[in-house]
Amino acid sequence: MTDQTASTRRAFLKGGAILAAPLTAATAAHAATDPAAERLALLEDEKAVRGLQAALVQRLNAGAHDAAAELFAEPQNAAFDPAVRRVTTEADAEFLEVQPGRTQASARLAVSVATEAPVEPWCPLVDMARQQGEGVVRAAGRRVLETDYVKRDGVWKIARAELRAV
Amino acid sequence: MPNYPARPLHRIDYTALSEAQITRALQATANGPANTSPLSGALSGQSMRIVTDEGPTLAYDFASANRLSLSEDGAGAAEAGYGAMELGHLLFVTHMLPGTQRGFNLIIDRDTNLVTVFEVWFSGFDALNSEQPWFEPGQYNREVQRQVWFGYVDAGGAAPEARHRRTNRVEGQGFYWKQDAGMETLDFYSSTFYTNFVELSRTGGEMGFCAPADYVWIDDETFVYSRTECEFSGTFTLYVYKPAASQQVGVRLGFDETDTLEYRLFRGEGEWLGQIARFEAFHDYDGAEMPEGKGARRVYRPMNTFQTLTAAEVDRVAAEDTHVFEPSAMAGNQQPSTGALAGKTMTMRWDNGRTVEYRFDGAEQLSWRPAGERGWRTEKYKAWEPSPNVFMFGHLMSGAPDHDAQIMVVDLDEGLATLLHGWVGSEYIANESQVKSVFGVVEMDGLTPPKYRRHRYTDEMLGRAITWEYSPGLTSMHLYSTPYSLSWIIPGANGSMGMQWSGPSEYVKIRDGLYLAYWLEEACNGTLGTLLVNLKTMHDCGIGLHCGPNGLSLSPVGAIARHAGRFDLAKYFPNET
């Protein structure tokens with residue numbers, strides 16, 4: 001059973017077998033009650049968390065920071081780096097773990113991030129460049145989108161999200 | 001004898017002509033353009049239907065060498081005078097439409113039947129700019145608007161697939177042109193949608209000015225150039241030219257500084273000035289994209305965004321908010337400053353009669369006093385040593401009524417010094433910086449300076465183009481297009497050059513490969529920029545003086561350079577050194 005669960009999990013994570021180990025352990029801890037029901041609930045949690053993660057990326061890329069904040073458990077505390085212009089997921093290195101009790105979860109996702117920050121401080125040449133659509137520092141690089149999740153009243157929300165340097 | 005104007009183009013207070021004034025003046029165009037060279041009769045008796053992409057269909061009947069009738073998009077025909085001239089296989093045709101403020105200019109390729117149409121009109125500024133925060137209606141009716149249409153002569157049968165097109169192929173090219181009526185210019189195609197032009201005959205060639213431009217590829221031997229003197233008279237110049245033959249045919253349309261209408265079809269002969277570098281990727285020949293909307297173009301209008309202050313406001317912001325050598329985007333790549341002057345004392349003897357004693361108290365603090373005075377005044381300074389024993393340093397003169405700055409280069413091997421004395425306030429704008437260059441010598445222990453020798457103005461920078469990378473994300477290219485002006489150009493993300501502007505400048509040789517220059521952002525942003533260019537290290541150091549709502553600032557300037565080439569301009573400024 002354990003082998004079967006592990007096998008299913010590996011397939012779901014697209015090759016992330018080693019990273020899947022914590023989830024395998026979590027699943028095993030609850031298998032004693034109703035393994036099938038527990039497994040189904042876990043899959044639904046993972047789906048919800050993954051949906052939140054995708055929504056966060058989508059809203060960040062749209063520049064819809066207010067809408068992105070609504071995904072958080074405490075929207076008023078959500079802060080976004082205005083320099084981030086585009087986040088592209090690289091799903092091969094995905095990690096997702098639902099904690100025992102299924103009220104908390106964590107995820108890590110390898111991403112490419114394109115940033116665009118205005119040149120500071122202001123000066124006349126910067127002003128001229130901005131009128132042309134320039135005067136910004138553009139950069140791109142690999143980062144890890146690190147997220148923590150919390151389930152409140154049966155609904156998953158983002159507790160923390162961070163684009164961490166690799 | 002040069003024909004210097006009473007005021008340079010950027011200081012003329014151009015009349016805000018009304019639509020009625022323009023309509024009245026344009027009545028003179030009913031018989032076609034003025035001309036010096038003979039008109040072509042090639043179209044006389046011909047009919048021609050021109051189809052443009054997403055633009056008008058123009059059905060012409062050419063009754064003679066100077067009369068035509070035009071039906072636009074099947075509407076009733078209108079009669080007009082016109083003029084045409086030939087340039088090899090090309091026909092250039094220009095006409096206005098009587099009773100309107102509109103006209104068409106046609107570049108017809110008789111080999112391919114392809115056509116480029118420049119539709120032009122007056123009083124179109126308001127419609128294009130009404131959403132700008134600085135917009136005031138009726139101010140720029142005199143500015144000629146244009147829309148470029150690409151199409152073909154409908155000779156029956158299937159429409160050709162090929163078209164003329166916008167191009168960057170001529171970016172970096174420069175030409176001297178002499179039109180048949182005597183007008184001489186240096187035209188630099190230094191951007192993909194801007195140009196620098198020097199009017200040798202009309203304004204004495206002191207200054208290069210900048211204007212939005214169009215560049216069109218006809219074939220590999222033929223190109224089209226247009227410019228509109230936005231922010232100045234609004235005059236439109238359009239020509240088709242052949243670089244190899246150095247020949248042009250074109251038109252000028254607009255109102256000059258006396259509000260006199262110029263509508264002239266011309267032919268010209270030129271000389272190639274050279275080619276500077278392009279920075280796009282290899283195989284990128286695309287022209288600049290224009291904003292959406294008929295007539296839309298990207299125009300730098302610095303006086304509409306520059307926040308001018310009164311003299312009282314200048315004094316107030318300087319008293320409340322003065323910034324001396326704080327971090328600047330213009331100095332992200334500056335070379336390290338030096339403390340090598342600390343502990344030294346020296347006396348500057350300037351040729352304007354002033355003598356100033358300096359005591360360098362530390363790496364960033366100096367004291368100065370006019371010779372003969374007892375009290376020292378203390379200022380923050382920065383110094384750089386771009387070449388052994390050559391120092392550039394500068395400081396504000398605290399309490400000076402014009403918020404003066406002293407920016408100087410001293411050669412402690414040769415005993416020579418050059419001062420750029422900057423201050424805030426011109427006769428036009430209270431927070432516009434001005435500058436005066438003063439040569440002189442430096443005396444100090446163990447150094448006896450020359451009696452007669454001085455640094456000298458030089459033309460060794462004339463015609464050069466140098467890119468300056470100030471900070472990540474902030475780069476410009478300088479073009480030194482005359483001995484007395486400097487132009488700066490903003491590159492786009494793909495390396496193509498874009499918006500461009502210019503200001504008065506001077507160039508002083510300090511040593512071989514080491515040149516002091518300044519630029520003044522007159523009728524622009526009011527900044528005085530200074531730079532000491534080291535061609536051996538491709539680096540510079542410099543100091544900027546600026547006053548705006550956020551205060552008075554004396555700021556470092558420093559950038560890494562690339563040499564982008566040089567135009568050969570010496571023969572057009574024969575009296576320079």
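The values are calculated or read from the model by the stated rules, or taken from the named source; none is laboratory data. Keep in mind that what you see is a predicted model, and the values were worked out from it rather than measured. Don't worry about glycine lacking a Cβ; one is built from the backbone with ideal geometry, like all the others, and counts go over all protein chains shown.
Taken over the stretch B:492-519, the criterion of being in contact with a Leu (Cβ under 6 Å, 6 or more places away or on another chain) and within 14 Å of chain A (Cβ to nearest Cβ) is satisfied by B:503, B:519. If you go through the stretch B:426-436 and keep only what is touching a helix residue (DSSP H, G or I) at 6+ places or on another chain (Cβ under 7 Å) and surrounded by fewer than 20 Cβ atoms within 10 Å (Cβ to Cβ), you end up with B:428, B:430. Apart from one condition, residue B:161 fits all of (1) without any contact (Cβ under 8 Å) to a residue 12 or more places away in the chain; (2) within 23 Å of residue B:519 (Cβ to Cβ); the exception is (2).
With respect to the stated conditions, residue A:152 fails to be basic (Lys, Arg), away from chain B (no Cβ under 14 Å), in contact with a strand residue (DSSP E or B) (Cβ under 6 Å, 6 or more places away or on another chain) and farther than 30 Å from residue B:557 by Cβ. You will find that of A:111, A:84, A:126, A:119, the residue that is free of Cβ contacts under 8 Å to residues at least 12 places away in the same chain and in contact with a Leu (Cβ under 7 Å, 6 or more places away or on another chain) is A:126 and no other.
Total residues in the stretch B:323-345 satisfying the condition of being outside any loop (DSSP other than H, G, I, E, B) and within 35 Å of the chain's Cα centre (by Cα): the figure is 5. How many residues does the stretch B:520-535 hold that are in contact with a Pro (Cβ under 8 Å, 6 or more places away or on another chain) and more than 11 Å from every other protein chain (Cβ to nearest Cβ)? The total comes to 5. When residue A:95 is tested against the conditions (1) away from every other protein chain (no Cβ under 14 Å); (2) free of Cβ contacts under 8 Å to residues at least 60 places away in the same chain; (3) in contact with a helix residue (DSSP H, G or I) (Cβ under 7 Å, 6 or more places away or on another chain), the lone failure is (2). When the stretch A:103-137 is limited to residues that are surrounded by 19 or more Cβ atoms within 10 Å (Cβ to Cβ), of a type in the set (Gly, Ala, Ser) and under 27 Å from the mean Cα position of the chain (by Cα), the one that is nearest to the other protein chains (Cβ to nearest Cβ) turns out to be A:107.
Does residue B:444 qualify as being hydrophobic (A, V, I, L, M, F, W, C) and within 25 Å of residue B:335 (Cα to Cα)? So that I can check it myself, show each step before the final result.
On the way: hydrophobic (A, V, I, L, M, F, W, C): yes; within 25 Å of residue B:335 (Cα to Cα): no.
It is false that residue B:444 is hydrophobic (A, V, I, L, M, F, W, C) and within 25 Å of residue B:335 (Cα to Cα).
Would you mind stating whether residue A:160 is more than 14 Å from chain B (Cβ to nearest Cβ) and at pLDDT below 95? So residue A:160 fails the test. When residue A:147 is tested against the conditions (1) under 11 Å from the mean Cα position of the chain (by Cα); (2) within 14 Å of chain B (Cβ to nearest Cβ), the lone failure is (2). Restricting attention to the stretch B:456-491, the residues that are touching a residue at least 60 places away in the same chain (Cβ under 8 Å), within 14 Å of chain A (Cβ to nearest Cβ) and more than 17 Å from the chain's Cα centre (by Cα) add up to 5. Of the listed requirements (1) at the interface with chain A (Cβ under 10 Å from one of its Cβ atoms); (2) touching a strand residue (DSSP E or B) at 6+ places or on another chain (Cβ under 8 Å), residue B:453 misses just one: (1).
Taking every residue in the stretch B:1-30 that is surrounded by 13 or more Cβ atoms within 10 Å (Cβ to Cβ) and pairing it with any residue that is among the β-branched types (Val, Ile, Thr), at least 6 positions away or on another chain, the pairs with Cβ-Cβ distances below 6 Å are B:5/B:203. When you look at residue B:300, is it of a type in the set (Phe, Trp, Tyr), assigned to a loop (DSSP other than H, G, I, E, B), surrounded by 19 or more Cβ atoms within 10 Å (Cβ to Cβ) and in contact with a strand residue (DSSP E or B) (Cβ under 9 Å, 6 or more places away or on another chain), yes or no? In short, yes. Every residue in the stretch B:228-251 that is assigned to a strand (DSSP E or B) and crowded, with 21+ Cβ neighbours inside 10 Å, please. Answer for the stretch B:228-251, where residues must be assigned to a strand (DSSP E or B) and crowded, with 21+ Cβ neighbours inside 10 Å: B:228, B:236, B:237, B:238, B:239, B:240, B:241, B:248, B:249, B:250, B:251.
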